[in-house]
């Protein structure tokens with residue numbers, strides 16, 4: 001009966017363990033999205049806005065780094 005089980009598993013795409021391994025491999029193969037874009041030097045008006053483009057950028061970068069801790073994140077240095 002083992003041959004029957006093997007045949008059925010082959011028709012269904014393999015065993016449950018094989019499917020889990022395939023999904024894990026697929027998850028590893030998908031790269032994380034790119035990190036948020038750093039504002040250009042002229043994007044900040046320098047007038048001390050409550051919601052500066054740099055504030056938004058660093059919030060988004062922090063969220064990105066939490067979601068993708070090993071992903072290639074942008075530099076977390078403060079603007080000069």
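All of the numbers you see were taken from the coordinates with simple rules; none came from a lab. The model shown is predicted, which means the values in this text are computed figures rather than measured ones. When we count neighbours, we look across all protein chains shown, and the Cβ atoms used for this are built from the backbone with ideal geometry, even at glycine.
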**Request:** Just order 56-67, 30-41 by mean Cβ neighbour count inside 10 Å, highest at the front, would you?
**Result:** 56-67, 30-41
**Message:** Run the simple label-point estimate for residue 47 and residue 70 please: 7 Å along Cα→C-beta, distance reported in nm.
**Reply:** 4.6
**Request:** For residue 37 and residue 17, calculate 0.36 nm times their separation in residues minus their Cα-Cα distance, and state this gained length in nm to one decimal.
**Result:** 3.3 nm
